[in-house]
Structure formats: structure tokens, C-alpha cells
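The values are calculated or read from the model by the stated rules, or taken from the named source; none is laboratory data. Since the structure is predicted, the reported quantities are computational estimates derived from the model, not experimental observations. Every residue, glycine as well, gets a Cβ built from its backbone with ideal geometry; the counts of neighbours run over all protein chains shown. Accessible surface areas use protein heavy atoms only, side chains included; no ligands, DNA or RNA. Shrake-Rupley method; radii C 1.70, N 1.55, O 1.52, S 1.80 Å.
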Amino acid sequence: VGNYKRTVKRIDDGHRLCNDLMNCIHERARIEKVYAQQLTEWAKRWKQLVEKGPQYGTVERAWCAFMSEAEKVSELHLEVKGSLMNEDFEKIKNWQKEAFHKQMMGGFKETKEAEDGFRKAQKPWAKKLKEVEAAKKAYHAACKEEKLAISRETNSKADPALNPEQLKKLQDKVERSKQDVLKTKEKYEKSLKELDNATPQYMENMEQVFEQCQQFEEKRLRFFREVLLEVQKHLDLSNVASYKNIYRELEQNIKTADAVEDLRWFRANQGPGMSMNWPQFEEWSADLNRTLSRREKKKASDGVTLTGINQTGDQVSQPNKHSSSLSVQSNTVQSVQSSYNPFEDEEDTGSTVSEKEDSKIKNVSSYEKNQSYPTDWSDEESNNPFSSTDANGDTNPFDEDTPPAMEVRVRALYDYEGQEQDELSFKAGDELTKMENEDEQGWCKGRLDNGQVGLYPANYVEPIQ
């Protein structure tokens, strides 16, 4: 009696399992979305790096095909996320709403109907079972009383102190107890028979209610199986034609990479096959800028006043910051304007300071694809102002002895996306190393943990305590 509650509880469990399945699908959809976003970000970042890097030709296109593959796969995973949430999740939600009806007083209508059905089917049989238990108890009590009466009678026969009247009472007690045993036994057997006769009908009524619960549970189990199969189809990209085409196309793009073709292209565009600009005779014009050779500039007179000599590459846009002003007494004093750099031709079209900085902060390649190169050269290595020693400032008499800046660890307060090649990009919470203090324009020079060096807004970070 009462064990039907396990079957009734299964209805409430079915409603809870619908919630669990929806949560399971929702979490998987969120994973699909995050993965798709990460693929897109990865493809975007590496596509820019490869396009701006030194790789060229068909191998570049084959490399970029991986980024195209990531973008397409990202779209497919977003579609998977949409299918899981818009179809599977909503389908379970709607089925649960239709299958389970909440009551005003709490619980579900289906649970109450099953509870009432089982209780109604079991009530007559439970009543008879209660009668059987009472008859059994009365019979066992009568048997106990009979045994006690017989024991007293037996003991009284051996006791000479008892008179015949007392013995008569004990014998009468034994007789009455025997009659009670027979009556209670008959009643006990009768109630058992009635219970046995009621059992088939009881089983039939309980089976009917149980089958109704089984049918309700069968609907849920079949529905779950159907939903799980649909989820499997949505997750299984191996059967999606467009997914297979992505990797078929990727394989084709990689196989089209041709080393011979790339070498031919490089020869025609960057090697001996490119169009030449041989020197030709040019007439002098008053509009032309002064074109002193570097050798002549380096042999300038001993007395020179120099202003606006930039010490660091990132100060090229600030000619007045950290400028050196040196005065040397001599017989002849020559004044050179600050806008004129005695170590560089005005018509020099070589790499600029910012381009040199870009080459330093590249974290993937050592130089950019369209990088320009200085055209000046010298056959005398000792007099070449662009030799390695001069470039490092070891023999430049005009360089100031500037001690290295104190490096400080800082933490980003906000997200920042670099707008120029010499600017860093970071997310809020990222840590980096400040290499130089803030300039007049509010910029600092720093280094990310991956080794990339560049500029960033000073007010976007705070020192790490």
C-alpha cells in the first residue's frame, strides 16, 4: 500500500528532466557560439598579419585559405548554435508546457490525476487488508490467552491450596479461550478469503492507472529520443555538404601553391625582372632642394650648432622634444636649421623611423611586405654613416648619453585596438611593460608579454602595485 508513489514521482521527474535537457542544450549552444567567435577573431588577426607580412604569391593565398576556412566553419557553428536554441530548445520547452499543466495550489495536474487514480483503485483492497490485519491480531491474541489459561489450569492441579471452585473457574477459562480461538480463526480466514477474492479486481484497477502513467512516460521517452536525434543531426557537421566543401576547397587552395610560380613572380616584381630606373642626366633647377652627400655632411666644419636631433624613433613627430643643442667654438660657425637633418638627405626615400619601429614590434615577421629600403650606399665601410656601429650610436659624437628608461609593469584599464602599425592592441586586464614615460601627446611606449613593442595611450593603463 502506498508504493504507487514511486510511479507518481516519475511524472515530476519527467518535468525536471525536460529542464535538465534544455540546460544541457543551452550550454552546448553557448560553447558553439564562443568557439565561432574565437575562430572569427583568430582568422581576422592572422589574415591581417599574413597580408602585411613578407609572404607572397600562391603560398600566401594557400596560407590565407586557412583563415577563410575558419570564417566559414565559424558560420556553420553559429548555425549549429541557432538550430540548438531556436529548434531543439524551443521544441522541448513547448512540449513540456503542453505535457505538464501546473495547478493553482502547486504541483501538476497529471501528478494529481495519477495520485487520485492509484488511491481510488487501492482504497477497497486497502480497507480489506486492514480488516485482515485486525483479524490476525485478534486471532493471535486469542491463541496467546488460550495458552496462558491452559498453563494456569495445569499449575493449579498441582496446588493443594486451591479449592474445587477455583479449579472450575480455571477450566471454564480454558474452554472460553478455546472458543475464542476458533471464532477469531474463522473470522481471520474469512477476511483473508475476501481479500484474496478482491485482489484480482484490485490488480486490474491498479494496472489501468499504471498503464496510463506508462503511456505518459512513453511519450516523454520517445520525445526525448526524437529530440536527441535532431540534436545529433545539428551537431554532426560531417554530414553537411557545405562543411565537406570547405575542406575540399581548402585542399585545392593548398595544392595550387606553386613554388616555381612564386619565384617567377618575385623575380619579375622584386628581382632582376622588375622595371629599372637607371640614372639619367638631369638639368639643375633652383627649385631642387640641397643635395649634399652624406660624406660632405659628415665633414662639416668643426664649429656647428645643431638643434632638433631626435634620440628615439618614436619622437619623429615631435621635433622639439628631447632635442640636443650643442655649441662648439671654432673659427667658422655654421648654423643649420632644425628642420634639416645633417645625417639624412632631404630627398631620401628610404625607410622612415616609423617603418623601422614597425619592423621592431612585429611579433610574427621581421618586416612588412611593402617595406621600402634605403637607396644610399657606400663602398667605404669606414665612412658609411649608416653602418651598424653608427646606427647603434656607438661612434656618433652628437648622441647624448641617455640612460635606459626604468621599465614599469602596468595593467590595461580598457580595451584598445591599435590604429597604426606602431601602436599596441590589448584588452582590459592585460599586463604589459612600460618602457618610456608619457610624451607631450599623451602616449607611452611599452612592450607586451609576447615581445611586441609599440605605442599606447598613457591614460589607458595603471601601474601594478
**Asked** Just checking, how many residues over the stretch 418-449 are surrounded by fewer than 11 Cβ atoms within 10 Å (Cβ to Cβ) and under 20 Å from residue 51 (Cα atoms)?
**Response** 2
**Request:** Give me the pairs, please: first residue somewhere in the stretch 132-147 and under 24 Å from residue 198 (Cα atoms), second residue anywhere and open to solvent by 70 Å² or more (accessible area, probe 1.4 Å) and among the β-branched types (Val, Ile, Thr), beta-carbon distance under 7 Å, and either six or more positions apart or on two chains.
**Result:** none
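Assess whether residue 115 counts as being assigned by the TED database to the domain that holds residue 34, in a helix (DSSP H, G or I) and touching a residue at least 12 places away in the same chain (Cβ under 8 Å). Before you say what the answer is, go through the steps one by one.
Details: assigned by the TED database to the domain that holds residue 34: no; in a helix (DSSP H, G or I): yes; touching a residue at least 12 places away in the same chain (Cβ under 8 Å): yes.
In short, no.
Here are 27, 69: which of them is of a type in the set (Asp, Glu), closer than 30 Å to residue 240 by Cα and surrounded by 13 or more Cβ atoms within 10 Å (Cβ to Cβ)? Steps first, answer last, please.
Details: 27 fails: surrounded by 13 or more Cβ atoms within 10 Å (Cβ to Cβ).
So the residue among 27, 69 that is of a type in the set (Asp, Glu), closer than 30 Å to residue 240 by Cα and surrounded by 13 or more Cβ atoms within 10 Å (Cβ to Cβ) is 69.
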**Prompt:** Only one residue in 98, 87 is open to solvent by 30 Å² or more (accessible area, probe 1.4 Å), part of a helix (DSSP H, G or I) and without any contact (Cβ under 8 Å) to a residue 60 or more places away in the chain, so which one is that?
**Reply:** 98
**Item:** Hey, residue 51 without any contact (Cβ under 8 Å) to a residue 60 or more places away in the chain and surrounded by 14 or more Cβ atoms within 10 Å (Cβ to Cβ) or not
**Value:** no
**Asked** Residues 211, 207, 218: which one is part of a helix (DSSP H, G or I), more than 42 Å from the chain's Cα centre (by Cα), of a type in the set (D, E, K, R) and surrounded by fewer than 12 Cβ atoms within 10 Å (Cβ to Cβ)?
**Response** 211
**Prompt:** Taking the stretch 410-456, which residues are touching a Cys at 6+ places or on another chain (Cβ under 7 Å), within 20 Å of residue 45 (Cα to Cα) and part of a loop (DSSP other than H, G, I, E, B)?
**Reply:** none
**Item:** First in the stretch 7-30 and under 11 Å from residue 84 (Cα atoms) and in a helix (DSSP H, G or I), second anywhere and modelled with pLDDT of 95 or more and of a type in the set (Phe, Trp, Tyr), Cβ under 9 Å, 6 or more apart
**Value:** 22/89; 25/89; 26/89; 29/89
